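Read-outs throughout are calculated quantities, based only on the coordinates presented, and are distinct from any laboratory measurement. Note that the structure is predicted; figures quoted are calculated from it, not measured. Cβ atoms come from the backbone with ideal geometry, glycine included; neighbour counts cover every protein chain shown.
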Amino acid sequence: MDGELLHKFERMKRALAKGELDRRGFIVAALGAGVAGSSVFGHVKKVQAATPKKGGRFVQALTGGGSGDTLDPAQILDSYMINVSSGMLRNNLTEIAPDGQLVGELATSWEASPDAMTWTFKIRPGVEFHNGKTLEAADVVASLNHHRGENSKSAASGIVSNISDVKADGKDTVVVTLSGGSADFPFLMSDYHLGICPAKDDGSIDWESGVGTGGYALTSFEPGVRTEVKRNPNYWKEGRAWFDEVESLFVADANARNTGLQTGELHSIANLDLNTVSLMRQVPTLKVFETFGNKHATLPMMCDTAPFDNPDVRLALKYAIDRKELVEKILQGLGEVGNDHPIGPANIYRATQEELPQRQFDPEKAKFHLKQAGLDSLSVDLHLADTAFEGAINAGQLYAETAKQCGININVVSEPDDGYWSNVWLAKPWCASYWGGRPTEDWVFSQIYASGAEWNESKWDNARFNELLVMARAELDSTKRREMYVEMQTICNEDCGSIIPIFMAYTHAVSAKIGLPDQIANNWELDGHKNAERWWFE
């Protein structure tokens, strides 16, 4: 993309963020300008794709790691371990392809009973774990059961809560029985917590060794520092896992990642310093690109803790944030405003502006809701670290300035990046976080907003929402299902404890030596966290 087209494209993205151009108009205008290839549809176009080849040691710097990282798939918290566990070591029953479609991974096929309460998966034959053990249905059963049970602390507990029974039918078939119908159940099986591990004789799984069926086998693991893997010579996927070795470093500092890439010590970084993206595009030894999906920032307030247990306080804080300012100044236009619900532009049942008007910065409405709560003013702490999302601390400071106009004093508490996800998130009454792409509405709602879900970060419990969640999950009529999901988004917007101000692009920079496929997934950063499997050295 030349400079003039790039400038025009950036203007259009800013217009989209400001609400001056709707998403459909943006795509049409981008196509007309000849710039829609890379950034609109989430993939990088090349004149002619190079032929992938095996070899080389790929070194990448990842964010979202920490000293508390573990190989236990149930306890994966953030992007570092998603990339290592789901992207290299293990496979799932299903996966999201780069075009957004659901495809089989360790399952070759699946079918449902008419009421969508019983799902039968056929297991791919001839697949071996890194230790030479042949994959069987019993491994799948044990891997799913690892997340189930009343005492489960798995982050996937909300996803598997609908499973009432899972059993093997021979060595190549798994039958899952649900407590209620779920039209989206095969999508849920692609969740990065549900990687398949080898079963032990007692029915538990061996997660400690890192053994899986993935394209790479573990050679060393230092939590919060680095992970090293080597190519699995018996990987069952043809045309995947091209690198001989992959070294993944946890580097929280954006400047350090940028410097390492430009000096050649690193081959790939993500979550760029958005203030430097335009300069990085001009470096001839780099490829810089972004993908747009459902990634969004949240500011969860614990609804069981004062003052956030008052819905009027929550609404006052939602009206006190200038979302357009955050898109312009924090995201540099690489994103769009959020509307206090998690359903993103890549979801099919996202509420339209007519169905759910966009919430605007409105000091008078913020003051009104403070008075409804019996308050003339409000003073609260907001705990932030830049690992929460790109520019989180700066975003908090901007928020604090606009909130002053509403009679609200926000004290921005800067927390360390290391340990943030174990010491602050789910621990402090008000903090920040981000969420990547969930391809279905039921998935994101079940994992983060359902009452009792392990990752219900705002401790929210709304009876009507929980009722609709179960109803919508089993509803096969798409018109009725849409009505339910729009109502659920409205309930989130009005009542839930999470302020969702922005949807963000995934930003990346790689060495020009790295070969990229014609289509890059946008469900997560780094090609859906499958970059080690899908990229190569040219």
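Applying a 4.7 Å cutoff between beta carbons, the unpaired cysteines of the chain are 197, 303, 406, 431.
Hydrodynamic analysis of the chain uses the Kirkwood radius over alpha carbon pairs. Inserted into Stokes-Einstein at 10 °C and 1.306 mPa s, it gives a translational diffusion coefficient of 67 µm²/s.
For the chain, the relative contact order comes to 22 percent (Cα pairs under 8 Å, sequence separation of at least 6). Projecting the Cα atoms of 76, 502, 180 onto the charge dipole of the chain (Cβ charges, centred on the Cα centre) puts 502 farthest toward the positive pole. Considering only alpha-carbon pairs that sit under 8 angstrom and 6 or more positions apart, the relative contact order computed for the range 90-248 is 24 percent. Here residue 238 and residue 133 are evaluated by their C-beta separation; at R0 = 25 Å the FRET efficiency comes out at 0.70. Count Lys and Arg as plus one, Asp and Glu as minus one, and take only other residues whose Cβ is under 12 Å from that of residue 361; the net charge is then 0. Computed from the C-beta positions of residue 111 and residue 405, the FRET efficiency with R₀ = 56 Å rounds to 0.50. Distance between the 7 Å Cα→Cβ label points at residue 372 and residue 200: 5.3 nm. Cα centroids of the range 207-228 and the range 463-531: 28 Å apart. Shape of the range 383-538 from its Cα gyration tensor (a ≥ b ≥ c, root eigenvalues): rounded if a/c is under 1.5, otherwise prolate when a/b > b/c, or oblate? Oblate is the answer for the range 383-538, as a/c is 1.5 or above yet b/c matches or exceeds a/b.
Scaled to the globular estimate 2.2 N^0.38 Å, the Cα spread of the range 91-194, given as radius of gyration, is 1.03. Residues in the range 409-453, backbone N under 20 Å from the label point at residue 306 (7 Å along the Cα-to-beta-carbon vector): list them, ranges by number please. The answer is 409-411, 428-431, whose backbone nitrogens lie closer than 20 Å to the label point.
Under 18 Å of direct C-alpha separation, and excluding same-chain neighbours fewer than eight residues apart, residue 404 reaches these aspartates and glutamates: 312, 322, 325, 362, 364, 376, 381.
Rounded to the nearest 20, the Cβ-based charge dipole of the range 412-493 about its Cα centre (Lys and Arg +1, Asp and Glu -1) stands at 180 debye. Among beta bridges identified by DSSP and lying wholly in the chain, the antiparallel ones come to about 75 percent. Only Lys, Arg, Asp and Glu carry charge here, each on its Cβ (+1 for the first two, -1 for the last two); on that basis the range 91-194 has a dipole of about 260 debye about its Cα centre. Net charge near residue 260: determine it from the other residues with C-beta under 15 Å of the C-beta of residue 260, scoring Lys and Arg +1 and Asp and Glu -1. So the surrounding residues net to 0. The trypsin sites (Lys or Arg not before Pro) found in the range 155-207 that occupy coil by DSSP, while having at most 14 further C-beta atoms within 10 Å, are 171, 200. Loop-located GluC sites (Glu not before Pro) across the range 81-164 with a Cβ neighbour count of 12 or fewer within 10 Å are 150, with loop assigned by DSSP.
Simple rule: put +1 on each Lys or Arg Cβ and -1 on each Asp or Glu Cβ in the range 324-390, find the dipole, and look at 345, 366, 387; the Cα lying farthest toward the positive end is 366.
Summarising the label geometry, the points placed 7 Å from Cα in the beta-carbon direction at residue 423 and residue 285 lie 3.6 nm from one another.
Dipole magnitude for the chain: computed about the Cα centre from +1 point charges on Lys and Arg Cβ and -1 point charges on Asp and Glu Cβ, it is near 1300 debye. Selection among 127, 212, 225 by position relative to the dipole of the range 112-239 gives 225 as farthest towards the positive end (Cβ unit charges, Cα centre).
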